[in-house]
Amino acid sequence: MKEQEDKVDHPHLVWWVVVIGGLSLLGVQAFSESFYTWWVTHLHPLPSQTVMMWILIACAPIHVFEAFYCHWLARRIGLVRSAVGWGVQSFFLGYPSTRLLRQRAKASAASKPGKVEGHAAAEA
């Protein structure tokens with residue numbers, strides 16, 4: 001089987017809009033009292049601004065972990081040149097990017113002889 005191309009695969013544009021837009025909206029709701037008040041008055045109720053702030057803060061270590069994990073995984077499957085790109089994209093997008101890289105890792109493992117479900121086959 002041919003060797004996989006050392007490049008970053010990008011999720012559909014919708015993911016960029018939803019994730020970046022959603023986190024941005026969450027940030028404004030958490031830190032702008034006037035926007036938060038307008039939102040709950042005109043659209044629908046939200047948890048308190050303190051809760052919104054903690055939700056946003058909780059997203060940070062999750063995305064940092066995903067970035068490091070994707071950088072590590074990309075290098076592990078031989079995507080050395082694009083590993084930083086995978087990490088950066090996963091920092092901003094989280095799951096949609098991580099899912100693409102895990103699919104690449106699964107395909108990579110399946111294409112290598114002596115691999116069974118991502119693990120080296122036991123030697124007899």
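Laboratory data are not the source of any read-out in this text; all were calculated from the coordinates shown. Treat the numbers as computed from the prediction; the structure is a model and nothing was measured.
Using just its DSSP H runs of length 4 or more, each adding -39500 (n - 2.57), the chain gives a mean residue ellipticity at 222 nm of -23000 deg cm²/dmol after division by all residues.
Shape summary: the stretch 13-118 maps onto an equivalent ellipsoid whose semi-axes, from the alpha-carbon gyration tensor, are 37, 12, 11 Å in decreasing order.
Relative contact order for the chain: 27 percent, from Cα pairs under 8 Å spaced at least 6 residues apart, divided by residue count.
Length gained on full extension, residue 9 to residue 55, computed as 0.36 nm times the residue gap minus the Cα-Cα distance: 13.7 nm.
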